[in-house]
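A.B. asks: Just dropping this structure here.
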Amino acid sequence: MTTTSRPAPAISLIGAPTDVGASRRGASMGPEALRVAGLAAALQGLGRQVLDGGDLSGPANPLGPVQAGYRHLDEVIAWNRAVYRATLASLGAGQLPVLLGGDHSVAIGSISAVARHCRERGQRLRVLWLDAHADVNVGETTPSGNLHGMPVSCLCGLGPEALATLGGPQPALLPSELRQIGLRSVDPAEKLELRQLGIEAYDMRFIDEHGMAETLRRALAGLDEHTHLHVSLDADFLDPDIAPGVGTAVPGGPGYREAQLCMEMVADTGRLGSLDVVELNPACDVRNQTAECLVAMIESLLGKSVLLR
């Protein structure tokens, strides 16, 4: 008896050129910087079909003040509705959506779509949140009002109703479906929220003490053929020595090889079904260094390796 493996799904690039969720401008240029760094060609080099539908459109950054705990709430809602529709359409077409951000608030739309897709198909969901920040602030605790610091809380049902119910009346994520890796800048109120929600979080101290391999073994434990794995990769997950092009750089993150190991172990599961790449800020970068580094990370997430494994 012979068995045939299913072809790898086409990769759909979805650009979300916005920085309305942040106070520092520049992340809106992230999608084009990734294209300039050769993302599509790199993925085609892995034998994958790449469909680049260009960039979504949405409201401009109004540079407005904080209102009732949130800055640019209406604009963030509009962008996330566009991201939600595009991601859901990509998944429905059997593709692997790769969201090119944009600030991290756009992950509300992408993950809400992924969660709905999984519910409709009876799949389990696991989300890896690779980030220096916990992103679990709420309007009452945020020191800035910037919604790129709140996507996790919105996805868990704690944010403004329009964002917390983007994919339906129930929260997109259960805290048990989320794993946070690389944390090293967490606000005091966020520390309490993480504990109350019971989110499994691995900060840089844990990684320093136990290593990236053990961290990923724990974060990926329990995946099976019924699990959809989503990775939300914030560029500031990486140490600023290798990825300076971010608006909220925090020293002490994973170096190049450590980060590559993380990506390769995710790829080894064979379960990656969707991806966010966010918070790349070319205005803070050096000769597109961070975009090129992210392209290398994305290649590894999608199966590039030194040897056949």
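The values are calculated or read from the model by the stated rules, or taken from the named source; none is laboratory data. Keep in mind the model is a prediction, meaning the values are calculated, not measured. Note: ideal-geometry Cβ built from the backbone for every residue, glycine included; neighbour counts use all protein chains shown. Note: areas computed on protein heavy atoms with side chains; ligands, DNA, RNA excluded. Shrake-Rupley method; radii C 1.70, N 1.55, O 1.52, S 1.80 Å.
A.B. asks: Provide the net charge surrounding Trp79, with neighbours chosen by a C-beta distance below 14 Å and charges set as Lys +1, Arg +1, Asp -1, Glu -1.
C.D. replies: Neighbour charge sum, excluding Trp79 itself: -3.
A.B. asks: May I pose another question? Could you order peptides 35-45, 104-114 by the average number of other Cβ atoms within 10 Å of their residues, highest first?
C.D. replies: Output ranking for 35-45, 104-114: 104-114, 35-45.
A.B. asks: Which of rounded, prolate, oblate describes the chain, given a ≥ b ≥ c as roots of the alpha-carbon gyration tensor eigenvalues and a/c under 1.5 marking rounded, otherwise prolate only if a/b is larger than b/c?
C.D. replies: rounded
A.B. asks: Which order do the peptides 27-34, 6-13 come out in when sorted by mean C-beta neighbours inside 10 angstrom, highest first?
C.D. replies: With the highest mean Cβ count within 10 Å placed first, the list reads 27-34, 6-13.
A.B. asks: Could you give me the ³J(HN,Hα) list for region 247-259, computed from phi with Karplus coefficients 6.51, -1.76, 1.60 and θ = phi - 60°, whole Hz, x at Gly and Pro?
C.D. replies: With coefficients 6.51, -1.76 and 1.60, one gets x, 10, 5, 10, x, x, x, x, x, 4, 5, 4, 5 Hz.
A.B. asks: At a 1.4 Å probe radius, carbon and sulfur cover how many percent of the accessible area of the chain?
C.D. replies: With neighbouring chains kept in place, the figure for the chain is 51 percent.
A.B. asks: Efficiency by 1/(1 + (r/R0)^6): what FRET value for Ala162 and Arg6, r their Cβ-Cβ distance, R0 = 51 Å, to the nearest 0.05?
C.D. replies: With a Förster radius of 51 Å, E is 0.85.
A.B. asks: Just need the relative contact order of the chain here, percent rounded to a whole number, with Cα pairs under 8 Å and 6+ apart.
C.D. replies: Result for the chain is 21 percent.
A.B. asks: Among Ala201, Gln95, Met263, whose Cα projects farthest towards the positive end of the dipole of the chain, with charges put on the beta-carbon of Lys, Arg (+1) and Asp, Glu (-1)?
C.D. replies: Gln95
A.B. asks: What is region 1-70's relative contact order, in percent, from Cα pairs under 8 angstrom and six or more apart in sequence?
C.D. replies: Relative contact order, region 1-70: 44 percent.
A.B. asks: Nearest 500 deg cm²/dmol is fine: what mean residue ellipticity at 222 nm does the chain get from its DSSP H runs of n ≥ 4 alone, each adding -39,500 (n - 2.57), divided by its residue count?
C.D. replies: Rounded to the nearest 500, it is -10500 deg cm²/dmol.
A.B. asks: Stretched out fully, how many nm does the piece from Ala41 to Arg217 gain, at 0.36 nm a residue minus the Cα gap?
C.D. replies: So the chain would gain 60.3 nm between Ala41 and Arg217.
A.B. asks: Continuing with this model, one more query. State the extension gain, in nm to one decimal, for the chain segment bounded by Leu307 and Glu200, taking 0.36 nm per residue of separation less the distance between their alpha-carbons.
C.D. replies: That works out to 35.3 nm of additional length.
A.B. asks: What accessible area per residue, rounded to a whole number of Å², is obtained for region 237-309 using a probe radius of 1.4 Å?
C.D. replies: 41 Å²
A.B. asks: Follow-up. Would you mind working out the accessible area per residue for region 131-177, using a 1.4 Å probe, and quoting it in Å²?
C.D. replies: That works out to 34 Å² per residue.
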